[in-house]
Each structure stands twice: as C-alpha cells, then as structure tokens.
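The values are calculated or read from the model by the stated rules, or taken from the named source; none is laboratory data. Keep in mind that what you see is a predicted model, and the values were worked out from it rather than measured. Here the Cβ positions follow ideal geometry from the backbone for every residue, glycine too, while neighbour counts run over all protein chains shown.
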Amino acid sequence: MKTTHIKIGFAFLIALALHAGFVMAVANFQVTSFSCSPSETVINSLFSCTSTIQNTGDAAGTLSTATLYSDSSNWLEDSNYPQSYGQSVNPGNNIQVTFSGLRATKSGSNGFSKIMLDSVTDTYVADNNKEVNVINVAVTVSNSASSTAMGETITTTAEVTAGGNIDISLSFTSNSGGCSIGSQTNPKSISGMTDGSKQSRTWTVTQGTTGNCRFTISATATGSGGVASKIDSTTSTITCSDCPVSSSSSSSSSSSGGGGGGAGGGGAAGAGVRTYVVGELVNSEMVILLSGEKISLNLSGHNYLLTLISRTNTSVLLGVDGDGQRFTINVDGEVEIDLNSDTEKDFSVRLDNINTITGEVSLVLTRMSGANNIIGLSPEDDSDDVPVSQIDKEIMKNKIVYILLAVFGAIVIISAVVYVIERNKRKRRWGER
C-alpha cells in the first residue's frame, strides 16, 4: 500500500512539474524603443513612427497586430493606427513595426498614450515621454496709418503666433511704390517661441514716390530641433496720398487673409490680371501670387512672362507665355527652365509654400549660374563681351559712311589742287617759249 501511494505521489509531482514547465514556456512581447520620422513635423503633414518590440518570453509566439494610440489631446487625424504583423517571433528576438500615414492636426509637443500588442497594453511611449514637435506659424500685419504722403513714415507691426516650439526669421519685402525701410535690421530673429505664444516686431516704412506702398512680411519658422520648417506670409498696402502716378494696388491693409504679393512689385496687366514685375533676374527672388496671376522678369535684356495657371493644396501648374512650356511643381519641388532652346537652363523655380487658406503661392526664382545670354549666343560663343544692340549697329554703319564720304571728299580736293598746280606750271612753260 505504501508503495502504491509513493508511486501515485511521484506521478503527481512529475505531472505538476510538467504542467509548471508548460505554463512558464510562453511568449511575452514588450516595446523596447520608439521613434518618429521626421522627429518633428509641420501641421497637416504626414509622418511615421517605428517601434522595436522584443519577445521577452521563453517560447516562440506570434504578434498579430500592434496599435498606436494618441494621447488625450487627440492631436492626430485618427485616434489609433493599427499595424498588422502576423509572424512568429523566437524568444529574445526583436521585430520592428512601423506606423505610417500619421497626420498631425494640432500643433505643439504632442505625445502618445500606449501601444496595444494584440490585447496587451504597453505604456512604453507614455512612460518615456515620447513626443513629436508639430510646428505651425501665422503672421498678421497692422500699420500706424493707412495713408501717407511721399517721403513720410509709418510704423508697421508684424505679430507672429507660434505653433509648437519654433524659431522665427521675420523679413520685410517692398513690392511696389518705391517704399523702403533703409538700413533697419532685416530679417529680424525671434528665438525660443512655444506653442500658442505671440511676439511682435516693427519697422519704420518710408513712403516712396511711384504709387501706393505695397509690401510683404514673411515669417519663416524652424522647429527647435532644426528639422521642420514652414513659411507664412501676408501683404499690406499704404496708400500714397500725393504721388503723381496712380497705383494699381488696393488702398486697404490686409492681414493673413489678404491677396497675393511678390518681390519685385506688381501692376495690372490686361483685363484684371495682375502681373508682378521682378525686373532683371540676377540672383534669387521670392514672388507671392494667386492663381491666374503672372510674373514678369528680364534675362539679359529680354522680357518673359510666367503664368500661375492653377494650384492644388500640394502642387502648382506654371506656364511660360508664348512658347507652350508647362511645368507641374510640388511643394518643396523645383524645376529648371530653358527659355531660348539652347540646351542651357536659364533659371529655376522652386515651390516654397502654398497657403491653403488664402490661396497664396510662394515661388522662388533663381538665375542659373551657367546660363548663357538669352539673346542667342551659343555655349561656345559665350564670352564676357557685351552684345551690341541693333541701335549700336546702325550708329556704327552711319559712322563708316561718314568716314568714307570724308575720305572721298579729301581725295577730290587734293586732286583738284594738284590739277591746278600742274596747269599753272604748263602755262609758265609755254610763256617762256
């Protein structure tokens, strides 16, 4: 009987040990690291985050789905982002799961609450304060007066509202009317702005003599991490009360909801179509305009017109008037344009920003360093000589004609004098005989 009890007890212990071993041999998934790319982003832009997940258990197991959740501020477009995996992971091995298509709809230093590993909650992202700096910027303009006489001054104040943690470069650009800010600091810097904070900077603007003073103030925001950047611009107009020439600019001041403006000035062209005059394109110019508006620029004495044909929220269609060239440019994209079909690119156009609220499009035009003269020199003929204009050629022709006439006249006079002298000599000889 004792032997039977011992056998039963021994069998029970073996079964209990096997059961314990079976229970302990399980997979266990934990998040061990988490990062986002880019590390900071612009509001309403897409980004992704990658999580490293380790099987810390002592048996292989399968992770079906990992789901990332926003924190309580609900700053993401969606409340959660599931990502399927569905592969077996051996004990001690790591896997990486990427949550893509994330879009931030609120600015600020925003975080995450958890990652669900199937039905298990992992709070690594919250415990380690994993955040994304989502940036935005808005600039408004106010003027101390809406109208001044030629040579008088007004004060213009630009107020910047920060989204996220940003540094600001605030610049003033005179578009038309000949107004200026003299030697005042431009651009002005603002450092260490935090989400929702506001700061102002001022310039003293001197009214010009060629019409209403139209200017643009642009706020270029850079994230505190130096990764994300965004531009917001607004135009404003100060009426010239005694200028001798009329201005096509409107006489009212505009804030961030105002119409398009651009470097180099603007004027009416055609029936209600506004053309922004850049003039001779030497280095780079930023132009801010609306769909249907034009840019006039000179390259080596020739004038060219570009038209902003249309835009979406992420791209524009740009055309060169007269030659049928059309270019689609995405935000932060760039195209190089050849205006005279000599295989040399003459200038580039970069799409810097599209303001989806006001419809303003910011383009940066840059003269190509290797561009030939636009008047038609081939690459091998290009030199430092200044091309002779048609007027200069006519003047040279006229000078040559005058010189030839003068030489011919001199020859006639000399021939006549010689003839008279020889005739007198012959008469004296006949008289002596």
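Condition first: among the acidic types (Asp, Glu) and within 16 Å of Lys345 (Cα to Cα). Now tell me which residues in the stretch 296-333 satisfy that. If you could, list the steps in order and put the result at the bottom.
Narrowing the stretch 296-333 to residues among the acidic types (Asp, Glu): 321, 323, 332.
Answer for the stretch 296-333, where residues must be among the acidic types (Asp, Glu) and within 16 Å of Lys345 (Cα to Cα): just Asp323.
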Residue set Ser73, Ser39, Ser51, Ser33; condition surrounded by fewer than 12 Cβ atoms within 10 Å (Cβ to Cβ) and either touching a helix residue (DSSP H, G or I) at 6+ places or on another chain (Cβ under 9 Å) or at pLDDT 55 or above (or both); output residue Ser73
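Given the options Thr67, Thr105, name the one that is out of contact with any Pro (no Cβ under 9 Å at 6 or more places or on another chain) and touching a residue at least 24 places away in the same chain (Cβ under 8 Å).
Values: Thr67 fails: out of contact with any Pro (no Cβ under 9 Å at 6 or more places or on another chain).
Of Thr67, Thr105, the one residue that is out of contact with any Pro (no Cβ under 9 Å at 6 or more places or on another chain) and touching a residue at least 24 places away in the same chain (Cβ under 8 Å) is Thr105.
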All-but-one check, Ala271 against (1) surrounded by 21 or more Cβ atoms within 10 Å (Cβ to Cβ); (2) of a type in the set (A, V, I, L, M, F, W, C); (3) at pLDDT below 75, failing number (1)
Output for Cβ contacts, cut-off 6 Å, separation at least six or different chains, first residue assigned to a loop (DSSP other than H, G, I, E, B) in the stretch 335-351, second crowded, with 17+ Cβ neighbours inside 10 Å and of a type in the set (Gly, Ala, Ser), reads Glu344/Ala371; Asp346/Ala371
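Could you pull out the residue among Asn373, Asn398 that is part of a helix (DSSP H, G or I) and modelled with pLDDT under 80?
Numbers: Asn373 fails: part of a helix (DSSP H, G or I).
It is Asn398.
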